[in-house]
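The values are calculated or read from the model by the stated rules, or taken from the named source; none is laboratory data. Computed from a predicted structure; not experimentally measured. Glycine also receives a Cβ, built like all others from the backbone with ideal geometry; neighbour counts cover every protein chain displayed.
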Amino acid sequence: MEKMVIKGGTPLRGEVPVSGAKNAALPAMCAALLTEDELTLHRVPALRDIRTTKQLLIQLGVQLDDLTPGTVRIRAREISDHTAPYELVKTMRASVLVLGPLMARAGIANVSLPGGCAIGARPIDQHLKGLEAMGAAIELRSGYVEARANRLKGTDFTFDLITVTGTENLIMAASLAKGTTVLRNCAMEPEVDGVIDLLNSMGAAIQRESYDTIVIEGKDSLHAAVHTVIADRIEAGTHLIAAAITRGDVLVTGCDTSHLVSLLEKLEEAGLNVEVGQDRVRVTSNGRIRSRDVETNPYPGFATDFQAQYMALVSLADSRCTITETVFENRFMHVQELVRMGADIRISGRSATVRGVQKLSGAQVQATDLRASACLILAGLAAEGVTEIHRVYHLDRGYERIEEKLVRLGADIRREKDELL
Ligand code: EPZ
């Protein structure tokens, strides 16, 4: 196991490029199952979850080549296996994204139920309900979803709640269904539109009829495509918050600023100077951080994936604010770790009240999930003294070489072997 060792107190300065989005690359790789032709993907980030997805696709019989760093060529000429096994799915719940493509292409899928994770139960009932509406027979047996269908058929389906991967799974399933599918109450995250753009470049006929309604005209087959994964808005925002919390001056490049509106608004409200270009954002701080309430919501609201990082920032703000997490039921695992660094935070149900303190102190802390890890990195960058973050494998799931990028911004951060674990 490895840990991250950070000596805090240095204002970050400089320019940092953003990698491709994990949450766009994962469905894009699974979309390769929808065609027997070649799919070439550019800007695929080098992350643990990407490696897990490659492993899963190869296990399904897919041919997969890393052409250059960031470019992957995938060819599902035939699918020899239809099982996403528990040992893979339990390490990465996004494996469920093979369910829709397998049902569309092969009409058979045995996918392990993901089980809960640190941030919540995260069931997949909506994915299954939608597939049943498209004619799939679904059985739950020994912890697996066993789905069968001769050929999925078009349907008019309304999600009971907004689900990002649920929307992506059913779009992929409907792309090869017989007839037209209308999906209502869909997620509007940019990563969903990334899937729509990719599938349309593969010959699908998909459009957002209104902001939350997507219409898919099923095709008999899809064909080869070359696609570039969108920039990772969560990584971009994490670097911007790093600039804010260290009272630095950072330019984040290679991002789509239209995907960051709610975060940039909140950073401005918190007193930061935010300069926005088309594909770049510069954040500078005058030293003061103002406490501002925030509530997480599906896109275009304030993203739940920024909640932990924002909490680190307002832990050092000038008064008190409330952070409300409406998307996941247990996404405050980072609070106790921040408190160990001197933060003053109290949880009540889905809300946390954060009273700003003058300083945070370096400490031994433990990462519990991907964004909690990012939160602790940010707190360590701002804290007085040395912070050691254990179980840093959580971080590697979603951030490509983050310590190298932060060192280039002047951070005193290094990865070490973890003798404790
Ligand atoms: C996606 O997860 C992202 N992961 C998450 O990013 C992100 O936090 C989340 O969307 C919300 O934006 C990927 O895209 C790979 P949901 P997903 O289905 O699709 C409930 C990260 O840090 N729900 O939108 O799994 C669910 O329990 C990760 O990169 C059901 O009840 O999230 C949750 O409370 C973490 N039944 C809420 O909906 C369902 O069938 C939103 O979940 C599906 C979801």
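Of all residues being β-branched (Val, Ile, Thr) and either at pLDDT 95 or above or crowded, with 18+ Cβ neighbours inside 10 Å (or both) in segment 84-121, which is farthest from the ligand (Cβ to nearest atom)? Just the residue, please. Filtering segment 84-121 for residues that are β-branched (Val, Ile, Thr) and either at pLDDT 95 or above or crowded, with 18+ Cβ neighbours inside 10 Å (or both), the one farthest from the ligand (Cβ to nearest atom) comes out as Ile108. Restricting Val229, Val192, Val164 to residues that are under 30 Å from Gln309 (Cα atoms), within 13 Å of the ligand (Cβ to nearest atom), under 19 Å from the mean Cα position of the chain (by Cα) and without any contact (Cβ under 8 Å) to a residue 40 or more places away in the chain narrows the list to Val192. Does segment 199-220 contain at least one residue that is within 14 Å of the ligand (Cβ to nearest atom) and under 28 Å from Glu36 (Cα atoms)? Among the residues of segment 199-220, not one is within 14 Å of the ligand (Cβ to nearest atom) and under 28 Å from Glu36 (Cα atoms), which makes the answer no. All conditions in (1) in a strand (DSSP E or B); (2) within 16 Å of the ligand (Cβ to nearest atom) hold for Thr40, with the sole exception of (2). Tell me whether segment 323-337 contains one or more residues that are over 25 Å from Glu384 (Cα atoms), crowded, with 18+ Cβ neighbours inside 10 Å and either of a type in the set (Lys, Arg) or away from the ligand (no atom under 16 Å from the Cβ) (or both). Taking every residue of segment 323-337 in turn, at least one turns out to be over 25 Å from Glu384 (Cα atoms), crowded, with 18+ Cβ neighbours inside 10 Å and either of a type in the set (Lys, Arg) or away from the ligand (no atom under 16 Å from the Cβ) (or both). All of Leu26, Leu12 fail the test of being in the same structural domain as Asp279 (by TED's automatic domain parsing), touching a helix residue (DSSP H, G or I) at 6+ places or on another chain (Cβ under 8 Å) and over 22 Å from Lys219 (Cα atoms), apart from Leu12. Restricted to strands (runs of 3 or more DSSP E) entirely inside segment 259-341, those with at least 3 residues that are under 23 Å from the mean Cα position of the chain (by Cα) and closer than 27 Å to Leu409 by Cβ are 280-284. Looking at segment 100-137 only, could you name the residues that are among the polar types (S, T, N, Q) and over 20 Å from the mean Cα position of the chain (by Cα)? Scanning segment 100-137 gives Asn110, Ser112.
Can you find a residue in segment 386-406 that is assigned to a loop (DSSP other than H, G, I, E, B), touching a Gly at 6+ places or on another chain (Cβ under 6 Å) and assigned by TED's automatic domain parsing to the domain that holds Ala244? Scanning segment 386-406, I find no residue that is assigned to a loop (DSSP other than H, G, I, E, B), touching a Gly at 6+ places or on another chain (Cβ under 6 Å) and assigned by TED's automatic domain parsing to the domain that holds Ala244, so the answer is no. No other residue among Ser315, Ser351 is out of contact with any helix residue (DSSP H, G or I) (no Cβ under 8 Å at 6 or more places or on another chain), in the same structural domain as Glu295 (by TED's automatic domain parsing), polar (S, T, N, Q) and at pLDDT 95 or above apart from Ser351.
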